[in-house]
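Written out below as structure tokens is the structure these notes cover.
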Amino acid sequence: MKRMLIAGNWKMNTVGQEALILAKGIIEKVKELDDEKLNENFGILICPPFINIPMVSETVKGTKIKLGAQNCSDKLQGAFTGEVSVPMIKHFGCSHIIIGHSERRQYYHENDYSINQKLKIILESGLNAIVCIGETLDERQSGKTYEVLSSQLKEGLKEIQPNFSKNIVIAYEPVWAIGTGVSAETRQVEEAHSAIRKELEDIFGHKAKEMLIQYGGSVNEKNALELLSLEDVNGALIGGASLKVESFISIIHSALKSVY
Ligand code: PEP
């Protein structure tokens, strides 16, 4: 059976109670799904802003919804004003942390070195990482897509032991498809995911087969089934459409259809 992780990246949205309302809305709808199908092969994850994690953490306790963070510090603890550490995130029951999102690379100048530092701390803390990679429009148009993906993977996953591969999810997110309403074409997704799987095999050997590779970039209720049915697509990282209960649940329905 194909494994799936459907993840909502709420970005810098939801103020106070809005986060609770959204989380509760998702929980209620997920309760209506076939419980048997939401097994260890099919995960649902929500990633609220840091400040709303403690509140949402209470709400998701005992449900089938996993909780994640959108970023973390590349330091374990200490005098790093404004940063949020992996142990702080773990304390509130988060299972996953997104790192290397293109918005962080673009607006906060994060690079593969700091992403690799974060990854090491996440894995050593016993959590799972969603490592985002993806090319810009310029890079795609100049034929550099696979060079970029390969370098982001090699640098981002540097010195990581293969036994940690099961705790790493790769999210392929072409930068030009994020938040634009225009997802990548199925052929482009298929090609990129297959190239990523090969690159992961070079890095982790046979363990790469078990790794989840999500697609992200304008996934919505209309295109989800087609994208999630593709080979080597093990779920989605969803921004805009994860902020509306109906849309997020509809994508989960498509994901279930593509698996069962
Ligand atoms: C994202 O935030 O990772 C993302 C893919 O956003 P959107 O779904 O809005 O394109």
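Could you derive backbone 3J(HN,Hα) for segment 6-19 from the dihedral phi with the Karplus parameters 6.51, -1.76 and 1.60 (θ = phi - 60°), listing whole Hz in sequence and x where the residue is Gly or Pro?
These are the phi-based 3J(HN,Hα) values: 9, 10, x, 9, 6, 6, 8, 10, 5, 10, x, 4, 4, 5 Hz.
Compare H193, H101, H109 in a GNM of the chain, Cα atoms joined below 10 Å, and give the one with the largest fluctuation.
Sorting by GNM fluctuation, first place goes to H109.
Amide H to amide H under 5 Å from G93: which residues, 5+ apart in sequence or cross-chain, H placed 1.01 Å off N in plane?
Here the answer is none, since no amide H 5 or more places off falls under 5 Å of that of G93.
With runs of 4+ DSSP H residues as the only contributors, calculate the mean residue ellipticity of the chain at 222 nm using -39,500 (n - 2.57) per run, divided by the residue total and rounded to the nearest 500.
Mean residue ellipticity at 222 nm (helix-derived): -12000 deg cm²/dmol.
Once each part is reduced to its C-alpha centroid, what is the distance from segment 1-45 to segment 125-146 in angstrom?
Their Cα centres are 24 Å away from one another.
What is the calculated FRET efficiency for N111 to S57, with r their C-beta to C-beta distance and R₀ = 25 Å, to the nearest 0.05?
Result of the calculation: an efficiency of 0.25.
To the nearest 10 Å², what's D202's accessible area with a 1.4 Å probe?
Rounded to the nearest 10, that gives 130 Å².
Assuming R0 = 35 Å, what is the FRET efficiency of S142 and E201, from their Cβ-Cβ distance, to the nearest 0.05?
In this case the efficiency is close to 0.85.
Can you compute 3J(HN,Hα) from phi for each residue in segment 125-141, using the Karplus curve 6.51 cos²θ - 1.76 cosθ + 1.60 with θ = phi - 60°, rounded to whole Hz and x for Gly and Pro?
8, x, 9, 10, 10, 10, 9, 8, 9, x, 9, 7, 5, 4, 5, 5, 5
Residues with amide H under 5 Å of I98's amide H, sequence separation 5 or more or different chain, H placed in the peptide plane at 1.01 Å from N; which?
A69, Q70, N71, I130
Once amide H atoms are placed 1.01 Å from N in the peptide plane, what residues at a sequence separation of 5 or more from S85, or on another chain, have their amide H within under 5 Å of its amide H?
When sequence neighbours closer than 5 places are left aside, the close amide H contacts are S73.
Would you mind telling me which residue in A129, A69, A208 has the biggest mean-square fluctuation in a Gaussian network model of the chain, where springs connect alpha carbons within a distance under 10 angstrom?
A208
What's the center-to-center distance, using Cα atoms, between segment 204-260 and segment 168-191 in Å?
One Cα centre to the other: 11 Å.
What base-10 log of the normalised intensity I(q)/I(0) is obtained for segment 46-92 from the Debye formula, alpha carbons as equal point scatterers, at q = 0.19, 0.21, 0.26 Å⁻¹?
Values, matching the q order: -0.59, -0.70, -0.96.
For E155 and R187, what is the calculated FRET efficiency with R₀ set at 22 Å and r taken between the beta-carbons, to the nearest 0.05?
E between E155 and R187, to the nearest 0.05, is 0.25.
Give me the percent of Cα-Cα pairs in the chain that sit more than 22 Å apart, rounded to a whole number.
It works out to 51 percent of all Cα pairs.
The values are calculated or read from the model by the stated rules, or taken from the named source; none is laboratory data. Since the structure is predicted, the reported quantities are computational estimates derived from the model, not experimental observations. Ideal geometry is used to build each Cβ from the backbone, glycine not excepted, and the neighbour counts take in all protein chains shown. Note: areas computed on protein heavy atoms with side chains; ligands, DNA, RNA excluded. Shrake-Rupley method; radii C 1.70, N 1.55, O 1.52, S 1.80 Å.
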